[in-house]
Amino acid sequence: MDFDGRVWPLVGGFGRYTRLVAAASWLPNVALALGFFSELLYSAPTGYQCRGDPGVSSGPCDGNSTGPAPGNRSDNCPTGWEYDPQGWLQNNIITQWDLVCDSRWKVPLEHICNLSGWLLGYVVSGFICDRWGRRTAFILSLVLGLPLGVAMSFSPGYVSFLLLRGGFSAALAGIFLSFYIARLELCPPGHRLMVTMIGGFFWVAGELLLPGLGSLCSDWRLLQGAITGTLLLLGTYWGCHTLFPESPRWLLATQQLEPCKAKLLFFSRANGAESGEDLSGPEGLFTEIDSTCEGFPRPRYYTICSILGTRLIWKNTMILGFATFIGCGIKPCFTRNLQTLGPYITYFLQAGNELLACALLCISANHWGRRSVLLICTILTGFCSLLLLALTQYLFSGASVALSVLGSLCAHAMVMLSVFYASEVLPTVIRGSGVGLILGISMVGRAALPIIELHQKSGFFLHHVVLSSFCILLVLSLLLLPETKRKSLPETLRHGENLRRPPLLLTPSQDSVPLLAHGKTRTDYNPDSYARLASATKKMLTRDASGSKNAEARTPLSKA
């Protein structure tokens, strides 16, 4: 059943209540962004020297090194280290547990544990979204995240901090995914992109709010407590069912007919849609829904493993996952050239890039289509990356910074559009698992830089070369994707398999197959004119009748 074309308009569509729920789903992005970007403040580099012995300072032991420095180990400073904070926090995990010199490798290890938590949270919560619903995934993630966030503020040691950090990150990932999927499934085709990108604006708002919050707290434990407090406010979405209802689209796709009909009736009343007979009448929507399942309907659930038996869905998933991996993995290659501007300018420049990427996608992807814009972003990302690799030694600093800013902008747009694109390509029955898998792959791309830092950045140049080469392969792969602009979301695996790749040079006016295209429209033909249609039909019948009489008249002669 066509949910966007048949079901959703009868219950008010994108009415006032649906718009309220969509707007309410934007606010959690502020709290989630605080938790995601807090990693940058917790592990911000800091100057240090041995307390009471200025001769044992950070000179021989580089604060950016990841391995032990001969002759200057941290255990050679019995009086402890004295730190000179260089970020918004006066005390972070580096100053808390002396993660300098020979213990510096513990900082990238903590980054990897944090990203692993996000990866695990995306995958597990995606499975829960498809099996028990979007709202259930949110509640479980919130119940897990609140105690872990509080316990993380009181971490007694580095190891316990790692474990709690991974669990807290997994909970944040589950909350983000459940809101992202539920928000998307409420929107009609013409509003999906705009509503999703506005959610991205709120994400950037949380990113910009973090430095001020960090300056007020000054200690990482207080900052973690403040972030957990913002998550506590999300309990209103749990207690107030109307702010985060279960997705009717998912209920119908999984054949949970009675809960689906109850939810549709609730949306109809909340939106003020007067469609009583159209819903519950003898020939109404509910009767049509019941007729889609013969006998006693049983819920049907799917997992991410279901795509292994498909021909197109698995291919689209792998291509878009590959795009998010490259986009997240190549961004540090551009950020590295921006570090000469200072940590504060780099931070706000990255946030401005994300804000600009959201605005550009709102305008371009609805006009030119998802596939075309993703192709442009990928080409520009690879072009900027290759120029930086080939001409860094010959470019003046301003040109290098400009290329890095443009490359970072395109890479971020590529990641955002790839995730959104995947949510439109994947069918409803596995949308949670599929989008969760793709977001998890993006965390693998982000983890590439901490892994390189564990090896003292010896493979950074090779990392840059490999990802730049992968951009060329990705451009060719994106041509295999279908276009989803202004199309209904696929509901079942069969619907997802019917999404076909359009020709590369297809224009909006060329929707018909070229070999079956009609010729020029006749000027004397008007399909809306009943008089012309009636006269043409009468002429055709008269011609046929006269033709048959002439044939009968000629028959005796031919026999003779």
| task | Taking Ala447 as meeting all but one of (1) surrounded by fewer than 19 Cβ atoms within 10 Å (Cβ to Cβ); (2) modelled with pLDDT of 90 or more, write down the number of the exception. | result | (1)
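In the range 215-264, how many are among the hydroxyl-bearing types (Ser, Thr, Tyr), open to solvent by 20 Å² or more (accessible area, probe 1.4 Å) and in contact with a Lys or Arg (Cβ under 9 Å, 6 or more places away or on another chain)? First the steps, then the outcome.
The first filter runs over the range 215-264 and keeps only residues among the hydroxyl-bearing types (Ser, Thr, Tyr), leaving 215, 218, 228, 230, 236-237, 242, 247, 254.
Add one more test, that the residue is open to solvent by 20 Å² or more (accessible area, probe 1.4 Å), and what stays is 215, 218, 230, 236, 242.
Checking the rest, the ones that are also in contact with a Lys or Arg (Cβ under 9 Å, 6 or more places away or on another chain) come to none.
Of the residues in the range 215-264, 0 are among the hydroxyl-bearing types (Ser, Thr, Tyr), open to solvent by 20 Å² or more (accessible area, probe 1.4 Å) and in contact with a Lys or Arg (Cβ under 9 Å, 6 or more places away or on another chain).
Out of curiosity, is Ile379 in a helix (DSSP H, G or I) and out of contact with any helix residue (DSSP H, G or I) (no Cβ under 9 Å at 6 or more places or on another chain)? Walk me through how you get there before you give the answer.
Working: in a helix (DSSP H, G or I): yes; out of contact with any helix residue (DSSP H, G or I) (no Cβ under 9 Å at 6 or more places or on another chain): no.
Against the criterion (in a helix (DSSP H, G or I) and out of contact with any helix residue (DSSP H, G or I) (no Cβ under 9 Å at 6 or more places or on another chain)), Ile379 does not qualify.
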| note | By residue number, the members of the range 265-279 that are more than 13 Å from Pro9 (Cα to Cα) and touching a residue at least 12 places away in the same chain (Cβ under 8 Å) are Phe266, Ala270
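So that you can scan it fast, the table gives a plain yes or no per residue for (1) under 24 Å from the mean Cα position of the chain (by Cα); (2) open to solvent by 10 Å² or more (accessible area, probe 1.4 Å); (3) under 21 Å from Gly225 (Cβ atoms); (4) not aliphatic (A, V, I, L, M):
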site: Phe154; (1), (2), (3), (4): no, yes, yes, yes
site: Ala171; (1), (2), (3), (4): yes, no, yes, no
site: Ile175; (1), (2), (3), (4): yes, no, yes, no
site: Ile181; (1), (2), (3), (4): yes, no, no, no
site: Pro188; (1), (2), (3), (4): yes, yes, no, yes
site: Arg192; (1), (2), (3), (4): yes, no, no, yes
site: Phe201; (1), (2), (3), (4): yes, yes, no, yes
site: Leu209; (1), (2), (3), (4): yes, yes, yes, no
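What is the residue count in the range 388-400 for residues that are closer than 15 Å to Phe461 by Cβ and in a helix (DSSP H, G or I)?
The number of residues fulfilling the criteria is 4.
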| With respect to Ile441, is the statement that it is without any contact (Cβ under 8 Å) to a residue 24 or more places away in the chain, touching a Phe, Trp or Tyr at 6+ places or on another chain (Cβ under 6 Å) and in a helix (DSSP H, G or I) true? | no
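Rundown of residues vs (1) of a type outside the set (S, T, N, Q); (2) out of contact with any strand residue (DSSP E or B) (no Cβ under 9 Å at 6 or more places or on another chain); (3) on the phi > 0 side of the Ramachandran plot; (4) open to solvent by less than 20 Å² (accessible area, probe 1.4 Å), yes/no style:
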{"residue": "His367", "(1), (2), (3), (4)": "yes, yes, no, no"}
{"residue": "Cys384", "(1), (2), (3), (4)": "yes, yes, no, yes"}
{"residue": "Phe396", "(1), (2), (3), (4)": "yes, yes, no, no"}
{"residue": "Cys410", "(1), (2), (3), (4)": "yes, yes, no, yes"}
{"residue": "Ser418", "(1), (2), (3), (4)": "no, yes, no, yes"}
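Matching residues to (1) within 30 Å of Glu453 (Cα to Cα); (2) among the aromatic types (Phe, Trp, Tyr):
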{"residue": "Trp314", "(1), (2)": "no, yes"}
{"residue": "Ala323", "(1), (2)": "yes, no"}
{"residue": "Tyr347", "(1), (2)": "yes, yes"}
{"residue": "Gln350", "(1), (2)": "yes, no"}
{"residue": "Leu355", "(1), (2)": "yes, no"}
{"residue": "Leu361", "(1), (2)": "no, no"}
| task | Counting only residues that are modelled with pLDDT under 90, within 23 Å of Gly239 (Cα to Cα) and not acidic (Asp, Glu), give me the helices (runs of 4 or more DSSP H) lying completely in the range 81-190 with at least 2 of them. | result | none
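The values are calculated or read from the model by the stated rules, or taken from the named source; none is laboratory data. Small disclaimer: the values here were computed from a predicted structure and weren't measured. Virtual Cβ from ideal backbone geometry, glycine too; neighbours counted across all protein chains shown. Note: accessible area is taken over every heavy atom of the protein model, side chains too, but ligands, DNA and RNA are not part of it. Shrake-Rupley method; radii C 1.70, N 1.55, O 1.52, S 1.80 Å.
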